[in-house]
Structures are given as structure tokens and as C-alpha cells.
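The values are calculated or read from the model by the stated rules, or taken from the named source; none is laboratory data. Remember, it's a predicted structure, so these values are computed and weren't measured experimentally. Neighbour counts are summed over all protein chains in view; Cβ atoms, including those assigned to glycine, are modelled from backbone coordinates with ideal geometry. Surface accessibility is based on the protein's heavy atoms, side chains included, excluding ligands, DNA and RNA. Shrake-Rupley method; radii C 1.70, N 1.55, O 1.52, S 1.80 Å.
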Amino acid sequence: MAASKTVGDALRSNGVSRRGFMKFCAATASMMALPPSMVSAVAAAIEKARRPSVIWLPFQECTGCTESLTRSHAPTVESLIFDSISLDYHHTLQAAAGQRAEDAMEAAMEENYGSYLLLVDGSVPTGDYEAYSCTNGHTHLSMLQKAAAGAAAIVSVGTCAAYGGIPKANPNPTQAAAIQDLVKDKPIINVPGCPPIPTVITGVLAHYLTFGTIPELDAYGRPMAFFGQNIHDRCYRRPFYERGLFAETFDDEGAKKGYCLYKLGCKGPITYNACATLKWNEGTSWPVQSGHGCLGCSEPDFWDKGSFYRPLSAAYWGDAKTVGISAAAGAAAALAASALARGKQKKAQQEEKA
Amino acid sequence: MNEGLYWEGMSLLDFARGPAFRWAVIIFVIGIVWRLGALLLSSRKDLSSPKGSTTGGGVKTLLTRSAPPHELEKNIVFQHYTGYAWHIGMFVILLFGTPHMLFFADILGFTWPTLPTPFITFFTVVTMGILLTLLVRRMMNPVLRKISTMDDYFSWLVAFLPFLTGFLAFAHITFGIRYETMLALHILSVCLLLVWFPFGKLMHALVIWPSRYKVGAAFARKGVQA
């Protein structure tokens, strides 16, 4: 598709009805916490928006983020909206391969220099390990630097791109870094999640199409509209938490009754994402609804925060060995203090006798 | 698991749950064993012949001193029973709040039933109210003010902070800071309590009953009323 075609034209040629389009706009406006009066403005902006050139660079990743976006059972309005951007490079999704793909990327970057949107999934190995992740002979660090230079804004899709993710997990064998740690002079939107919710990815793009700006971000660079709310606060199992009703194991009576999963290590109370409200697979379900606690995958370093099944309130207090050594040190201090006291006492007695 | 490990970009909550808690436990254990060990080693053999049952006297005093003495009842009854009340509140919150139970269960290896959160919130508010009342009383009463040291005020603060931060974190009254930060402050306030515990008046938790027994036993041995 030509980059000059508007989103509205693209949608109509894909057979999206006006009603379907307006429903999408209403849902998008609602997700972005905009008042209902803004729906028509959103619709007008998206319809008239020139399809921006988008370059998607996959780095040290598992392609799960791309899978999340594309593996829907039926084509949705969201996926059509995604078709309606000019996706000029995505080596998993594009038809071209090898040098032709590279050429397409080069051409798109040149043609839209300063105005294309750069989407990145995966972290980037750095330092001595830079060469551990390459595409067509180029290290991902060099590719990022080159692509970022001409980008209007960068969207870090997935926790690996946003915060380093699993590749950065201790002991970080490739010195993997997040995009925001490597690019400092461009606006960056983090859309974390392992993978992120497809609607959130398209929602962020819709915001960009509508307003031409990056949305309001939280302290971790995430759009407030999708990551402003705590999973625990929005969880449909929250009333069971308040009533003290918990699943003790994954197959006990409590689990069958849908009680709270806090005791089974749910990280909902410290996780910010839209899973509890938007859900997955076209609003069908989400991890907690399917009976498993939240892993906190949209939070930085979620992989390093201990077992997924350890309750949040169980601290890493140490172990028996540390406590034993501490007790031995305390006993030694007691013996020394006692010996000192007895010595002083003896001296005082001798002085008294003298 | 990376128990007690630091990693780049660690959040305050990660620090509180991991390294801070680990070090607080180490200092707590060293302090407790040192203080108790020194107390036990300082006891002397009494060579005089006993004039009464030391065990009986010890147990009797342990019990009688757990209620206000008749002569002083009018003056200290309020302090005595409010003292009991907030300690009971503290134990209810500590043992029957679900997150707290899970903290201990992780160490002990077994769980027990807990109370719904409205009960815990009730006990927290009541306990904080009593603690504040007792602090005001300590500052207003001329005698109490005279005998209070920095240890008393600091120990009060260290005991009060976990209730306050726990309540604020739970109720999401965070004054603009992130909920995770408030939760981290709650854990850090407990770390502060653990660190201060062996070295200040909080140590009474471990020595109050043995010392009452010991005083009673010593008096009984001498044949005088404790």
C-alpha cells in the first residue's frame, strides 16, 4: 500500500463498516480515558491520518510480541488498523527476505527520515557481547542507533525492549540493555508485557495516529491509559482477598471456586497492566481468570524477583546458615562482654581488698 | 531465585524485601543472642541458704505483676490495660493478617487461618489510636515525662511506624507516592524495628517474663514479699 493513502481509505478497502470503525474508535477513546465527546474527534483524526511509515526491528527476542499481535482467530478491526499503517519493515511479517528486505528498510528510512515510527521488540546486547545478536551481519546495537537517528518516536514493544526482560535477567550473560538505556534523544513509549496485550499495542498506535504525540507516560515510560491501573485493584477476584478467601493450591476447593490467588504467588498487587480490564484473545480471558496468578510481566526485572509461586509478602529474609552464623557471632559477643564484666568485677574486688 | 542479590535498577521494594530484610535479620539475631547470652552469663551462684521456694515465688510474682498492684491501681490502671489492648491488637494483626501469616509460613513451613481484611483494618486503627494516646499521656503526665528517655520515644516511633505504613499501604493512602514505595516503606519500617529491637526497650518483649520470674525467685529466696 502506498504510504500516502489515509487510514480511512485503507479501512474501507478492507471492508470495515462505518459502524465497526466507530465502535473501534469508541473503545479506543475509552481505553485512553478520553470523554465520550472525543470519540468523533478520534474517528476523524484516525480516518484522515496519513498512514505513517513504521519500521519494526526485532532484536534479542522470542517473537512472542509479534505472535501476540498477529495470532488472533479472526481478523479484527484492530488488526486492520494495524494493516493500515505502512509497515515498511518487519522481517517476520514481510514477504521480502534477505537483501530485498534490507533494501526496503533502507528506502523507507531514507524516504521518511525524521518522521517514521520505530517499533522495537527485544533487548540489545552491548559491550563485549554486542555481536551475540546480529541481522544480516549488522549488530543490533548498530541497527538501533541507525534506525533511531531518523525516527520521530520509538515504541518499545514488550518487556525485553522496554526493560531488558528475560535476556537481561541475572547474570545478564549478553549485557543486554533496554532501548531506553541506549537511546536518549528520542521520545520512547514503553509497551511492556511478556507479551503485551495486542489491543494495547494498537491503542498506542491509535493514540499516535489521532494526536500525533506520545501519550502520557508513567514513571516507567508506560502509557498511563493502559498501565495506570493496578491488576490487584481491578481484579475480579479482589472481593475474595478482602474476605480472606484464598486458593491454597491450584486444584483445591478454593481454586475451583475462583478464590484469590495471592497465597499462590500472584504479583497483581505490584503490577500495572490492562489485563484485568481489556483481557486477552478478544476479551475472552486473562491469566488470573484462567486460574494462574499474575507474573508481573509488565514490570521491570520481573524475572529476577524470585519464584512466581512465592507469596508477595514472603521476604527474602535469609537462610538457616546465615541465621546460624549470626547467632554464633552474637554468642561470641556475649562471651566477650561477660569476660570483660567479670574481669572488671575481679579488679574491683582486688582493689577493695587492697 | 536470587535471594539477597542486588541487581541493576533494583526498586526500593526489591531492596526492602531482599538485602534490607536480610541484613535486618542478621543484626536482629546477633543482637538478641548477644543480649540474652550476656544476661545469662552474668548470673551468679547464690551461696546463701534459701528461706522459701524460689520457683513458687518466681511464678507467683510473674502472675501478680501481670496485673496492676492494688496500691497503685488508681494511677496506672489506664496505662496497664491499654498496654494489654494494643499488644493484643499487634498480635492479631501480626499473626492473622494474611500477608503477615504468609511471611511467617514461608519461614515455618506451615499455614494457619487468617482474618478478613476489615478486621485487620479495625485492629490497626484501634492499635494506632491507643499508641498515640499513650504517647500523648507520656508527654503530658509530669512523672512519666520525667522518667522518659530518648529510648522510650524512639522505641515508640519504631513500634508505631509499621502500623502506620502498613495501614497507608493497605488503604492506598499514599500521598502521591507509588503504592509499591509505600509497601517498601512498610517493610523498611519493620527492618528498622528488627535492627533497634535488641538494643532498646523493645527488648522487653523477650525479657519481661523471665525478669519478673527472676525478681520473684530472688525475693522468695530471701523470704521477703515481692
Practice prompt. Kindly indicate whether any position in the stretch B:91-105 is under 20 Å from B:Pro210 (Cα atoms), surrounded by fewer than 17 Cβ atoms within 10 Å (Cβ to Cβ) and either within 14 Å of chain A (Cβ to nearest Cβ) or among the small types (Gly, Ala, Ser) (or both).
Written response: no
Worksheet entry | Condition broken by B:Thr114, with the remaining ones in (1) open to solvent by 50 Å² or more (accessible area, probe 1.4 Å); (2) not in a helix (DSSP H, G or I) satisfied | (1)
Worksheet entry | Elements of type helices (runs of 4 or more DSSP H) contained in the stretch A:250-354, each with 3 or more residues being under 30 Å from A:Pro196 (Cα atoms) and either open to solvent by less than 50 Å² (accessible area, probe 1.4 Å) or facing chain B (nearest Cβ under 8 Å) (or both) | A:275-278
Worksheet item: Out of all the residues in the stretch B:6-21, is one or more hydrophobic (A, V, I, L, M, F, W, C), touching a Gly at 6+ places or on another chain (Cβ under 9 Å) and under 30 Å from A:Ala176 (Cα atoms)?
Response: yes
Worksheet item: Only one of (1) away from every other protein chain (no Cβ under 14 Å); (2) farther than 16 Å from B:Tyr213 by Cβ; (3) part of a helix (DSSP H, G or I) fails for B:Arg22. Which number is that?
Response: (1)
Worksheet item: Residue check: is A:Asn112 surrounded by 14 or more Cβ atoms within 10 Å (Cβ to Cβ) and either touching a Pro at 6+ places or on another chain (Cβ under 9 Å) or not β-branched (Val, Ile, Thr) (or both)?
Response: yes
Practice prompt. Please go through the stretch B:31-41 and pick out each residue that is touching a helix residue (DSSP H, G or I) at 6+ places or on another chain (Cβ under 6 Å) and without any contact (Cβ under 8 Å) to a residue 24 or more places away in the chain.
Written response: B:Val33, B:Gly37, B:Ala38, B:Leu41
Item to complete: Please state which of the following conditions B:Gly176 fails to meet, knowing it meets all the rest: (1) at pLDDT 90 or above; (2) not in a helix (DSSP H, G or I).
Response: (1)
Worksheet item: Is there any pair with a first residue in the stretch A:154-180 that is surrounded by fewer than 22 Cβ atoms within 10 Å (Cβ to Cβ) and a second that is among the aromatic types (Phe, Trp, Tyr) whose Cβ atoms are under 6 Å apart and which are 6 or more apart or on different chains, and what are they?
Response: A:Ile166/A:Trp303; A:Ala169/A:Trp303; A:Asn170/B:Trp7; A:Thr174/A:Tyr129; A:Thr174/A:Tyr132; A:Gln175/A:Tyr129
Fill in: Candidates B:Leu13, B:Leu62, B:Leu41 - the one that is of a type in the set (A, V, I, L, M) and either away from every other protein chain (no Cβ under 14 Å) or open to solvent by 80 Å² or more (accessible area, probe 1.4 Å) (or both)
B:Leu62
Discussion item. Consider the stretch A:148-173. How many of its residues are more than 19 Å from A:Gly221 (Cα to Cα) and in contact with a Ser or Thr (Cβ under 7 Å, 6 or more places away or on another chain)?
Written reply: 1
Worksheet item: Among B:Val143, B:Val195, B:Val125, which is the only one that is closer than 22 Å to B:Pro19 by Cα and open to solvent by 40 Å² or more (accessible area, probe 1.4 Å)?
Response: B:Val195
Worksheet item: What are the residues in the stretch A:212-226 that are over 11 Å from A:Thr277 (Cα atoms) and open to solvent by less than 30 Å² (accessible area, probe 1.4 Å), if any?
Response: A:Pro215, A:Asp218, A:Gly221, A:Arg222, A:Pro223
Worksheet item: Tally time: how many residues in the stretch A:114-164 are farther than 24 Å from A:Pro195 by Cα and in a loop (DSSP other than H, G, I, E, B)?
Response: 5
